[in-house]
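First the structure, in the form of structure tokens, and then the observations on it.
The values are calculated or read from the model by the stated rules, or taken from the named source; none is laboratory data. All figures in this text were calculated on a predicted structure; none of them were measured in a lab. FYI the Cβ positions are ideal-geometry reconstructions off the backbone, even for glycines, and counts take in every protein chain you see.
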Amino acid sequence: MKIAIISDFHFGFGAGSERANDAYDAFKEAIEKALECDIILFAGDLFDERNPDMENFSKAAELMIKPMLIQNDIRLVQGMGKDVSNLSETAVMGTPIVAIHGTHERRTKGLVNPVEALEKAGFLIYLHCNGVIFEKSGERIAIQGMSGVPDQYAESVLSNWNPRPETGCFNVFILHQSITEFLYAPHTLDLNKLPKGFDLYINGHIHEAKESEYAGRPFLLTGSLIPTQIKEESEKPKGFWIVETSDNDHMKSEILISSKTTRKNNMTIHWIELENQRKVYNLSFDGTEAKEIEEKMKKITHENPLKKPIVRIELKGTSEKLEDEIRMKFGSSLLISFKKEKAPHELPSRTIHEHKLSVEEMGRKILSENLSKAGLDPKTFESVFELLSEGKADDAINTLLKTSEKEAKPANSKQTKLFHPEKAKD
């Protein structure tokens, strides 16, 4: 069978800007090139926000209709820790889509996230610590997935779930986490903590696509369909993976002419590069004459006649007026941003998107510390924080009150008390 693996398309990214349609354009091209596959996997971060507005949700749904209309003999055999009896008939029509949620869609327990909503609407099959088995022409594929969880809890969630390969199947394990070996960040998940024995491992979240290995089996970092933060790796072409589970089932499509192909463990792995993408350039000029900078910018403009490229510029030792001149001459044909030279003790500059994330991280840290001081389980903070971030203050207070009755530690033989605004009035 052929499996398409697409991830991190971030529907809704760039809303209100010239990049508002980038995610939809990239996804549309990827889906078109994946239509001859038997199964399509989404490895998380389908949306850029936990609560996408109706416009973004409806656009996403519209683009997911096409796989349903493809003639396909694949059938859903059973669920693995998942009740598939209530799935909509449309979710298993044509080429089925199986998805997990990522960090951007994650919501507190009990609240429906956007990927779950797409399952309820009949567009896909949603997994979180469970799985499904498909069959076609006598071949079975078992897909088990763990949706994105806070990094500090990933190991315990994985351990409690304890997934195992299914006998007689080609086994796929898919997750959306920060993996220590590929991403420097606090509380990352060690690669060696993943269950062994699966035929194929897939991880979303990390935006640079990479083909690696775990326990002697292929480990694919999906990469993103669009650049969301402009870094050096953002210059690399975007795309997605197609995996053939048998050497006897080679693809004959023209889309593979420019693909990167490898063969491992009786499977064929194709990297499918997107063609209609917005190019990214990171430029640095140090004391360069304005004429030389202008020639470089003109060259980039002529190389990209269809979509305005994204150009990130660092200017060193040049006139401050040069920025305005560059914007004036090339702002209509290039999406330009400037990387500022950091002075000593100066905080690094951030994009609005990065700043938003840093504020959220700080809020999580402060709340977690305060709940720990109150003698509550630190895990409580995740639910409380997400309720507060969604404006559900009363629900957050009720969660704290219920948790405090069960988990608060004694202090000087007295139970720790939480302030409740309603009781304070009495």
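Assorted remarks:
- Going through (1) in a loop (DSSP other than H, G, I, E, B); (2) in contact with a helix residue (DSSP H, G or I) (Cβ under 8 Å, 6 or more places away or on another chain) one by one, Ala4 falls short only on (1).
- Where strands (runs of 3 or more DSSP E) fall entirely within the range 223-278, those with at least 1 residues that are in contact with a helix residue (DSSP H, G or I) (Cβ under 8 Å, 6 or more places away or on another chain) and either modelled with pLDDT of 90 or more or crowded, with 19+ Cβ neighbours inside 10 Å (or both) are at 239-244, 267-273.
- Screening Ser178, Ser147 for residues that are within 17 Å of the chain's Cα centre (by Cα) and buried (at least 24 other Cβ atoms within 10 Å of the Cβ) leaves exactly one candidate, Ser147.
- Conditions (1) crowded, with 21+ Cβ neighbours inside 10 Å; (2) at pLDDT 95 or above; (3) among the charged types (D, E, K, R); number of the one not met by Arg75: (1)
- Subset of the range 181-213 (residues that are surrounded by 16 or more Cβ atoms within 10 Å (Cβ to Cβ), within 21 Å of Thr262 (Cα to Cα) and more than 16 Å from the chain's Cα centre (by Cα)): Phe198, Asp199, Leu200
- Considering residues of the range 134-144 that are farther than 16 Å from Thr95 by Cβ and either touching a Ser or Thr at 6+ places or on another chain (Cβ under 9 Å) or not charged (D, E, K, R) (or both) only, the residue surrounded by the fewest Cβ atoms within 10 Å (Cβ to Cβ): Gly138
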